[in-house]
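I have placed the structure first, in the form of structure tokens, so that the comments after it can refer back to it.
Derivation of every value follows stated rules applied to the coordinates shown; laboratory data play no part. As the structure is a prediction and not an experimental result, all values here were calculated from the model. All Cβ positions, even for glycine, are placed from backbone atoms using ideal geometry, and neighbour counts span all protein chains on display.
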Amino acid sequence: MKPARFFGILWLLVVSGATVCHLPSAASARDPQASNAVFRAREEALRHRLALAKENRLYFVLDPDIGSLTLFHEATPLRVWHVVDAQAGARRLFAGRAESQGHWRAVVWERPRLEPPVRRERRLIVSDQVNTPDPAGAVDWIPPTPEEEVPAPERYIVHFAGGSGLEVVAIRADTLSARSSLIQGLVRSFRGFAPANWDRYRIRIVLSAEEAGMLYRTFPPEAAFVAIIPSSIPW
Amino acid sequence: MDAPQPPVRPATERWKLLVLGAAVAAVLIAPITAVLLSFDRQPMVVNGVDAAAETLGGAEDSLLADIAPLEIEVEKLQASLNAQATPGLYLVVDRANNRLWVRSRDSVVLEAVVSTGSHTILRESTGRKRTWTFDTPSGRYPILSERRHPVWVKPDWAFLEEGQPPPERVIDRIENGSLGEWALDLGDGYMIHGTLYERLLGRSITHGCIRVGRDDLRAVARAAEPGTPVFIF
């Protein structure tokens, strides 16, 4: 076999393997003993929420069962985002599926950092320059809308301390063609080389484009994050 | 007779082979690296709960004995959490998206498009050289009072931002109608009030107050009362 043909076939095999590995894994077989672990994790998550409720702070709670991401202040729900889909995982390089399930259950993620960051500019008015031709002093200035001022990407990540991340995807970006999503998936995988993107564990949620944008613009800089086991008990 | 010697490749040919080999290796390694850096994702829903619900029926007694007290504890914790939530109606303001909600723990009563602080800095160039930053503050604030047909006593900045000197007499600062039909005081000069410029609602244009359209403001004033908490984030 000619070397070129050999390497070509080898490359195809490798790319095919990479494609298969990018498909979502099948769910693990149900383990009756897991029900005990589920209740324990649910109890621990509620204890975390009770502890957060005693502090004067904002925090998010992801409840995949009812499809909601809720912003709380103490124990008061402020705003609900409707989650279309939710997945959790760990980088294959580190751990794989066994550990990925453990890291988001009943754990509080802290110190969020939005990527890309939201940038807003401040306008400066100097009182004796108001009536000059300087546009900064114009009193009839019309500000942009929130969408114009801070256009939200269709996919963004909130990195938390400890190597955890919350990936938010607008539903439009989630339904791209298989070929383009594979290419973009490979590109994003390589972006993982950047130290700023070095999440070990990640939860991925899909929202409508409007809600994903609103979440991006408003994500509080010190908010914590808790993901809870699906529960039939309403929050 | 000497064995034939293999041909000696010139240096340029060796470099070409080296570069080609590196390129081939990179192309082969790239997908493998991509796979290793990718996430092994699984759905977060259902499995655990279904396992819990379905196996309870046929589960061993020992397993049931473990789960039952856990289930009770979970319900107690949930009830404790729910009891700490703010009772009755309260207001929520999203500054980044210029939205206001009137809601309770379980439902949203009203959603309104509003205007919040413009993030503008005003600097006084002469005299006391003061600086104002027009942000809507975040936090939890109780409504201190509700005023109908409020009168606005314009502060110094309202004149300075128009290039005018602030007047000495209070009567020269009074402006009727610009705050709309209602003003809900939050303290430190911040209010939820109406506006003459409803076409600008949805934009960050205020000096820190929260401007609401006429009809929504009436609904907010009906739903709220002194003591109603306002959460601003």
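Here are some notes:
- Highest-MSF residue in chain B out of B:GLY127, B:GLY194, B:GLY139 [GNM, Cα springs under 10 Å]: B:GLY127
- Pairwise centroid distance, computed over Cα atoms, of the stretch B:123-163 with the stretch B:82-106, Å: 25
- For chain B, the longest principal axis of the C-alpha atoms and the axis of helix B:11-37 are separated by about 50°.
- Coarse-grained scattering of chain B at q = 0.13 Å⁻¹, given as base-10 log I(q)/I(0) from a Debye sum over alpha-carbon atoms: -0.89
- Candidates B:ARG123, B:ARG41, B:ARG140: whichever shows maximal mean-square fluctuation once chain B is modelled as a Gaussian network with Cα springs under 10 Å: B:ARG41
- Per-residue shielding of A:49-60, expressed as the average number of other chain Cβ atoms within 10 Å of the residue Cβ, stands at 2.
- Between B:GLY163, B:GLY21, B:GLY208, the Gaussian network model of chain B with springs among Cα atoms under 10 angstrom shows the greatest mean-square fluctuation at B:GLY21.
- Proximity of backbone amide H atoms, modeled 1.01 Å from N, is registered between A:VAL83 and A:SER68, A:LEU69 at under 5 Å, excluding neighbours fewer than 5 places apart on the same chain.
- Chain B: angle of helix B:47-58 to the longest principal axis, Cα-based, in degrees nearest 10: 80
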